[in-house]
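What follows is one structure encoded as structure tokens, with my remarks underneath.
The values are calculated or read from the model by the stated rules, or taken from the named source; none is laboratory data. Model, not experiment: these values are computed from the prediction. Methodologically, a virtual Cβ is constructed for each residue, glycine included, from the backbone with ideal geometry; neighbour enumeration extends over all protein chains shown. Remember, those area values only see protein heavy atoms, side chains included, never the ligands or the DNA or RNA. Shrake-Rupley method; radii C 1.70, N 1.55, O 1.52, S 1.80 Å.
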Amino acid sequence: MLLSLFATACFAQKAEKFVNELLSKMTLDEKIGQLNQYNGDWGATGKITPDGDKETQIKNGMVGSMLNVMGVDKTRKLQELALQSRLHIPLIFGQDVIHGFRTTFPIPLAETASWDLGLMEKSARIAATEAAAYGIHWTFAPMIDISRDPRWGRVMEGAGEDTYLGSEVAVARVKGFQGNGLGNIDAVMACGKHFAAYGAAVGGRDYNSVDMSYRQLNETYLPPFKAAVDAGLATMMNSFNDINGVPATGNSYILRDKLKGEWNFKGFVVSDWGSIGEMVPHGFAQDRKDAALKAMIAGSDMDMESRCYRDYLKQLVNEGKVPMALIDDAVKRILMTKYELGLFDDPFRFCNEAREKAQENNLGHRKFAREIGAKSIVLLKNNAVNGQNLLPLSSQHKSIALIGPFMKATVANHGFWSIAFPDDSARIVSQYDGIKHCTKNHSTILYAKGCNINDNDRSGFAEALETAKKADVVVVSLGEAHDMSGEAKSRSNIHLPGVQEELLKEICASGKPVVLLINAGRPLVFDWAADNVPAILYTWWLGTEAGNSIADVLFGDYNPSGKLPMSFPRTEGQIPIYYNHYNTGRPAKDDEDKNYVSAYIDLSNSPKYPFGYGLSYTSFDIANLRLSSSKMALNGGKIEASVEVKNSGNYDGEEVVQLYIRDLVGSVVRPVKELKGFKKIFLKKGETTTITFSLTSDDLKFYNNDVQFVNEAGEYDLFVGNSSNATLKGHFSLE
Ligand code: BGC
């Protein structure tokens, strides 16, 4: 331990010396060059700035980093150009590696539903290994924006609505991407994004404004970023939104005061695509020069694609408006990461054809994709049909009809950010293929598409109905197309698109038992299905191995254990909806209570499915809650809460046991429940175990009205269960 601390300190000293010497040789133009990031050849998520001759600019040391350049061949060519610059400073190549790379994994929201931090770390680890083999040094992930609004298409990229869960997932992903540390050949720099509060866009409309108290910002939206920084996060990305009127890119409160000040973040901040220039249309900067000034003063270090730094920073320094010390600080942060990545020793160390080739179809990685796919699925409903739960399917089901536009689809399983290899259809396992393979010929498989994802064509209904009638059981696969959730994919209507629900109603009317698979990047609204279909699996977008993962769950080769990372609304009118809301002065007693209480007269308050919810093929009893003490000391106190968990059903399985608290009275009102811990455990059928959570006084701190992070003495309820509806209750006081 001491030895490794010593080695780290020596490395840091050497890096510092090297970078300081390099910096002292650099002209102002060369310094500004390091702050520019240019797009490569891939279609972009924003306006591309015409550049004239990019190659000459790279040769002249005017570019510090590129994004969207992929493959050993292309990165090597550009790196060779960069090394022709006067000081031979290598480029960093960045890419959106969001849910896998050559092998795609479930979208991050789906992976979060596994509540399995080890698996999420491994998923990021594999993605990093694959990306690094393709010449990439830096992923623009993890996306750790908390969001309570499923209309916002980017919920697919994050960890859902909860700050505690979101923070744990952020740490797992940073560890996964950065592996044993930058400098290792399979580690890429992680980038926390989007800093900050991007997920709270008004109305769920992407890029929209955010207006909230600083208390709320600090308590709900910033902690995952802080957790990521504490875990060694190398870089951070600005968000597009303004926060209380100040665009995040020019926001010195979050960048200088919090991130680089209070949190002591040593890495660098990259703007989002064009977000420096966008401060002009925001109405925060007069022109692009003013935008460059405001971004640099606030603490944004690298300019992705707006060219404001390239065009104006020199002038701003010469006019004395931007101190040279700020430029030096930004450049130094970037050069330090290049040093840590080992690029000054060997700029081509990530350019190795053999490594790249080995990742083309890595079977170990595919096997893992299948596993994490199955663990991301959430069983929402499993009613009995003819006296027996409909799922899992078995060899008793002699004929199975597979119906719906997702059954034979391939790319639809991929998810929005699978941009590196968009047309990878030959490698993606369709649901049809996965299910057919899993039946091992014990059942006849029938198929009809029925309808498309998003149009009004009903011409396939008759065939689908006929097919359903011939089967013992019907599996219907519906949802959103892979580009209906993601960046700039906000939707005001999050029902099943097109005529899919109509198709489902007709199939159900045939009287055949129906299992519904829902493929989506967000919580959808499917109230009719939830009330009328006996079995529902939420299958998200699961990536390359989607069909196999789904088949494993359908046939019980894997007993589902996923839990929802967001509350599922009954209809759009309930949004934003989240479990950790305040009580209000007029709380409704229950969903029926409408008597001058905080409720809708035409709708329940409760979600269709709550945060943390998900079923299993077995059942778990959670009982005998015991607290080690009924009192916790205000400063540095700790108590333990233990429960007995019994697998009381007929299958072995995993359960996510969740711990929530409620602070009953505070100087500011506190949520009705707050997640403070969870454990995912495996129990054989009939097995019982005791699990113990520890809770410390630090875990009970919150932001008071002066935005100070404090403990306040008082009474607390504590709940343990398997969803945010947990009712098993204890009580303690903090004193
Ligand atoms: C997105 C970022 C992404 C960047 C580069 C932007 O439009 O908001 O999340 O990393 O593009 O592709």
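Some notes on this structure:
- Among the residues of the stretch 225-261, those that are closer than 21 Å to I327 by Cα, more than 16 Å from the ligand (Cβ to nearest atom) and assigned to a helix (DSSP H, G or I) comprise G250, S252, Y253, I254, L255, R256, D257, K258, L259, K260, G261.
- Flag if G153 is open to solvent by less than 10 Å² (accessible area, probe 1.4 Å), touching a Pro at 6+ places or on another chain (Cβ under 7 Å), small (G, A, S) and within 16 Å of the ligand (Cβ to nearest atom): no
- Residue satisfying condition, being over 21 Å from A110 (Cα atoms) and either open to solvent by less than 30 Å² (accessible area, probe 1.4 Å) or hydroxyl-bearing (S, T, Y) (or both), within set S485, S510: S510
- Within the stretch 628-645, none of the residues are open to solvent by less than 20 Å² (accessible area, probe 1.4 Å), under 29 Å from G373 (Cβ atoms), under 28 Å from the mean Cα position of the chain (by Cα) and at pLDDT 95 or above.
- When restricted to residues that are open to solvent by 10 Å² or more (accessible area, probe 1.4 Å), charged (D, E, K, R) and farther than 29 Å from E111 by Cβ, the stretch 656-693 contains 1.
- Of the criteria (1) within 16 Å of the ligand (Cβ to nearest atom); (2) outside any helix (DSSP H, G or I), which one Q286 fails: (1)
- Taking the numbered list (1) surrounded by 17 or more Cβ atoms within 10 Å (Cβ to Cβ); (2) modelled with pLDDT under 95 in turn, T8 passes all entries but (1).
- Selection from the stretch 694-716 of residues that are open to solvent by less than 20 Å² (accessible area, probe 1.4 Å) and in contact with a His (Cβ under 9 Å, 6 or more places away or on another chain): Y716
- D145 falls short of the stated requirement of being open to solvent by 10 Å² or more (accessible area, probe 1.4 Å), outside the structural domain of R366 (by TED's automatic domain parsing) and not small (G, A, S).
- In the stretch 53-101, the residues that are small (G, A, S) and away from the ligand (no atom under 16 Å from the Cβ): G61, G71, A82, S85
- Residue list for the stretch 472-490, restricted to those being out of contact with any helix residue (DSSP H, G or I) (no Cβ under 8 Å at 6 or more places or on another chain) and farther than 16 Å from Q500 by Cβ: D472, V473, D483
- Any hit, the stretch 210-224, residues being within 16 Å of the ligand (Cβ to nearest atom), open to solvent by less than 40 Å² (accessible area, probe 1.4 Å) and either touching a Lys or Arg at 6+ places or on another chain (Cβ under 8 Å) or outside the structural domain of M304 (by TED's automatic domain parsing) (or both): no
- Residue in the stretch 107-117 that is over 12 Å from the mean Cα position of the chain (by Cα), within 16 Å of the ligand (Cβ to nearest atom) and outside the structural domain of E545 (by TED's automatic domain parsing) present: no
- At least 2 residues being within 25 Å of L615 (Cα to Cα) and polar (S, T, N, Q) is the threshold, and among the strands (runs of 3 or more DSSP E) wholly inside the stretch 651-735 those reaching it are 688-696.
- Whenever a residue of the stretch 191-212 is of a type in the set (V, I, T), its partners that are open to solvent by 10 Å² or more (accessible area, probe 1.4 Å) and part of a loop (DSSP other than H, G, I, E, B), lying with C-beta atoms within less than 8 angstrom and at least six residues away or across chains, give the pairs V202/N208; V202/S209; V202/D211; V210/N244.
- G573 meets each of the listed conditions (1) assigned to a loop (DSSP other than H, G, I, E, B); (2) open to solvent by 20 Å² or more (accessible area, probe 1.4 Å); (3) in contact with a strand residue (DSSP E or B) (Cβ under 9 Å, 6 or more places away or on another chain) apart from (1).
- Elements of type helices (runs of 4 or more DSSP H) contained in the stretch 353-449, each with 1 or more residues being assigned by TED's automatic domain parsing to the domain that holds L542, within 25 Å of the chain's Cα centre (by Cα) and crowded, with 19+ Cβ neighbours inside 10 Å: 363-376, 431-439
- F268 being within 21 Å of Q216 (Cβ to Cβ) and within 16 Å of the ligand (Cβ to nearest atom): no
- Meets criteria (open to solvent by 20 Å² or more (accessible area, probe 1.4 Å) and at negative phi) for Y164: yes
- Count of the stretch 156-176 residues, restricted to those that are more than 12 Å from the chain's Cα centre (by Cα) and within 14 Å of the ligand (Cβ to nearest atom), is 0.
- Some residue of the stretch 332-345 being farther than 20 Å from M302 by Cα, modelled with pLDDT of 95 or more, over 29 Å from the mean Cα position of the chain (by Cα) and surrounded by fewer than 16 Cβ atoms within 10 Å (Cβ to Cβ): yes
- Residue list for the stretch 132-150, filter: over 16 Å from T112 (Cα atoms) and either free of Cβ contacts under 8 Å to residues at least 60 places away in the same chain or more than 14 Å from the ligand (Cβ to nearest atom) (or both): A132, A133, Y134, G135, H137, T139, D149
- Search result, residues across the stretch 103-121 that are surrounded by fewer than 24 Cβ atoms within 10 Å (Cβ to Cβ) and either in contact with a Pro (Cβ under 8 Å, 6 or more places away or on another chain) or among the charged types (D, E, K, R) (or both): D116, E121
- Residues satisfying the stated conditions in the stretch 482-518, i.e. of a type in the set (A, V, I, L, M, F, W, C), more than 11 Å from G153 (Cα to Cα) and in contact with a strand residue (DSSP E or B) (Cβ under 9 Å, 6 or more places away or on another chain): L496, L503, L504, I507, C508, V514, V515, L516, L517, I518
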